[in-house]
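Student: Quick one: the structure is below, questions incoming.
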Amino acid sequence: MKVPFLDLKRMDEELKNALKSKFAEMLDKGNFSGGEEVQAFESQITNYLNSTFSIACANGTDALELALRALGIGKGDEVIIPAMTWVSTAEVVVMVGAKPVFWDTDENGLLASDWEKAITPKAKAVIPVHLYGKLVDMESLVRKAKLHKLFVIEDGAQSFGSFQNGKAAGTFGDVGCLSFYPTKNLGALGEAGMCLTNDQELNDRIKMLLNHGQEIRDKHDLVGRNSRIDSIQAGFLNVFMQRFGSFQTTRKRLAQMYLDELSSIDRLSLPLDILQQDHNAHLFVIQTDRRDELKKFLLERGIGTAIHYPHILPDMEPFRSKGEFDNARNLSERGLSLPLNPWMKDEEIESIVKSIQDFFA
Ligand SMILES: Cc1ncc(COP(=O)(O)O)c(C=O)c1O
């Protein structure tokens, strides 16, 4: 049985039809920038996440950059980020002229709790990344950040719909940034992202920055850019939001199947907390010393897997920096993401499990 890591063509017909109808409806209305779909999307998210302001933008990378710029972070400033994350988290810091300061993660890829040791007088902000969908301990992080007068920007690109003590990922810090890249658990049919904030002034600045620095047309008060969300993507996301709850239920059920069947293999580390509320089951990442062998073995059986991510950022040319990143590096060498998405069948999970059992037998 062939199982792709993720194949978006597999969306069910009912969903495809709802998306087609939305496109037809928007084509008839003729409004392709701003408009009611964008407003509806922002208010759906505000209601679901209980954030005061939800500002849709072009993608998750832009959301992070807009957050940094809105907070006035730039040349001469340092921003603390984890060594293991998608490149965007570091890229945006460099793009605004500031310096990324890398810190190690814990064994599961979340910014290590001793990150305060990275603080220098130049530090202005910290960006915790809720990697794979699991929330960083935000109460503790925000407390420490406040003590040192640092801004907190949450990289919630992978954690839409994760909640810690009832509070949503992205609503703990000064600004929370989301990505609706097609492979995410809430994904558009193209690019889209969002900033969340509870601060009126930040909301206003982000809105202006993503729309050429103008609050009203032709009055440019800031140097901004165009990072508006594509209205058609907002329309599609409104359709996806109607299904989000049931998709999450399926993800958790499939994750439970993996856990039940794989927990007896002691040479495998499993994401044991993936069923909890503070994990949205976006990615199911196992860890083993035989990662590359296992990946190859599964591929030979037609099973796709992915590595998030094979290299840590401070080892890469544009971000090269020294430090102790043992946990992050370990994860880059041991982590393997198994297929997990709402379009999978139970038999596929069973087949993957069987192959992994065969590999370790
Ligand atoms: C941790 C992390 N940060 C930032 C991003 C950037 O989001 P986007 O691809 O929408 O620009 C992503 C998603 O790709 C991500 O996984």
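Student: Looking at the structure I just gave you, is Ala67 small (Gly, Ala, Ser), farther than 30 Å from Ile356 by Cα and surrounded by fewer than 19 Cβ atoms within 10 Å (Cβ to Cβ)?
Tutor: Here the answer is no, as Ala67 does not meet what is asked.
Student: Filtering region 156-178 down to residues that are assigned to a loop (DSSP other than H, G, I, E, B), of a type in the set (A, V, I, L, M, F, W, C) and within 15 Å of the ligand (Cβ to nearest atom), which residue is farthest from the chain's Cα centre (by Cα)?
Tutor: Within region 156-178, the match that is farthest from the chain's Cα centre (by Cα) is Ala169.
Student: Quick one: Thr85 ticks every box in (1) farther than 30 Å from Lys117 by Cβ; (2) at pLDDT 95 or above bar one, so which box is it?
Tutor: (1)
Student: Could you tell me whether region 189-211 includes any residue that is within 11 Å of the ligand (Cβ to nearest atom), surrounded by fewer than 19 Cβ atoms within 10 Å (Cβ to Cβ) and of a type outside the set (Asp, Glu)?
Tutor: Taking every residue of region 189-211 in turn, at least one turns out to be within 11 Å of the ligand (Cβ to nearest atom), surrounded by fewer than 19 Cβ atoms within 10 Å (Cβ to Cβ) and of a type outside the set (Asp, Glu).
Student: Given the options Ile153, Ile216, Ile229, name the one that is within 16 Å of the ligand (Cβ to nearest atom) and over 14 Å from the mean Cα position of the chain (by Cα).
Tutor: Checking each option against the conditions leaves just Ile229.
Student: Would you tally the residues in region 241-300 being part of a helix (DSSP H, G or I) and among the hydrophobic types (A, V, I, L, M, F, W, C)?
Tutor: So the answer is 15.
Student: Pick from Tyr132, Tyr181: which is within 16 Å of the ligand (Cβ to nearest atom), under 28 Å from Gly245 (Cβ atoms) and not in a loop (DSSP other than H, G, I, E, B)?
Tutor: Just a single option satisfies the conditions, and that option is Tyr132.
Student: Next question, about the same structure. Every residue in region 297-328 that is surrounded by 12 or more Cβ atoms within 10 Å (Cβ to Cβ) and of a type in the set (Lys, Arg), please.
Tutor: Passing the criteria: only Arg301.
Student: Which of the following residues is exposed (fewer than 13 other Cβ atoms within 10 Å of the Cβ), at pLDDT 95 or above and within 30 Å of Gly302 (Cα to Cα): Leu8, Leu27?
Tutor: Leu8
Student: Kindly establish whether Leu272 is hydrophobic (A, V, I, L, M, F, W, C), at negative phi and modelled with pLDDT of 95 or more.
Tutor: Judged against the criteria, Leu272 is not a match.
Student: Among the residues of region 86-99, write down those that are within 13 Å of the ligand (Cβ to nearest atom) and closer than 14 Å to Lys122 by Cβ.
Tutor: Hit for region 86-99 is Val93, nothing else.
Student: Do you know which residues across region 212-261 are under 30 Å from Asp346 (Cβ atoms), β-branched (Val, Ile, Thr) and surrounded by 13 or more Cβ atoms within 10 Å (Cβ to Cβ)?
Tutor: Once the filter is applied, which keeps residues that are under 30 Å from Asp346 (Cβ atoms), β-branched (Val, Ile, Thr) and surrounded by 13 or more Cβ atoms within 10 Å (Cβ to Cβ), region 212-261 yields Val239, Thr250.
Student: Same structure, new question: Would it be correct to say that Arg267 is in contact with a helix residue (DSSP H, G or I) (Cβ under 9 Å, 6 or more places away or on another chain), over 27 Å from Glu13 (Cα atoms), exposed (fewer than 13 other Cβ atoms within 10 Å of the Cβ) and modelled with pLDDT under 95?
Tutor: Considered against the rule, which asks whether it is in contact with a helix residue (DSSP H, G or I) (Cβ under 9 Å, 6 or more places away or on another chain), over 27 Å from Glu13 (Cα atoms), exposed (fewer than 13 other Cβ atoms within 10 Å of the Cβ) and modelled with pLDDT under 95, Arg267 comes out as yes.
Student: Let me ask something else about it. Taking the criterion of being more than 19 Å from the chain's Cα centre (by Cα) and either within 16 Å of the ligand (Cβ to nearest atom) or part of a loop (DSSP other than H, G, I, E, B) (or both), would at least one residue in region 47-59 satisfy it?
Tutor: Within region 47-59, one or more residues are more than 19 Å from the chain's Cα centre (by Cα) and either within 16 Å of the ligand (Cβ to nearest atom) or part of a loop (DSSP other than H, G, I, E, B) (or both).
The values are calculated or read from the model by the stated rules, or taken from the named source; none is laboratory data. Note that the coordinates shown come from a computational prediction; the quantities given were computed from them, not determined experimentally. Cβ coordinates were reconstructed from backbone atoms using ideal geometry, including for glycine residues, and neighbour counts include every protein chain displayed.
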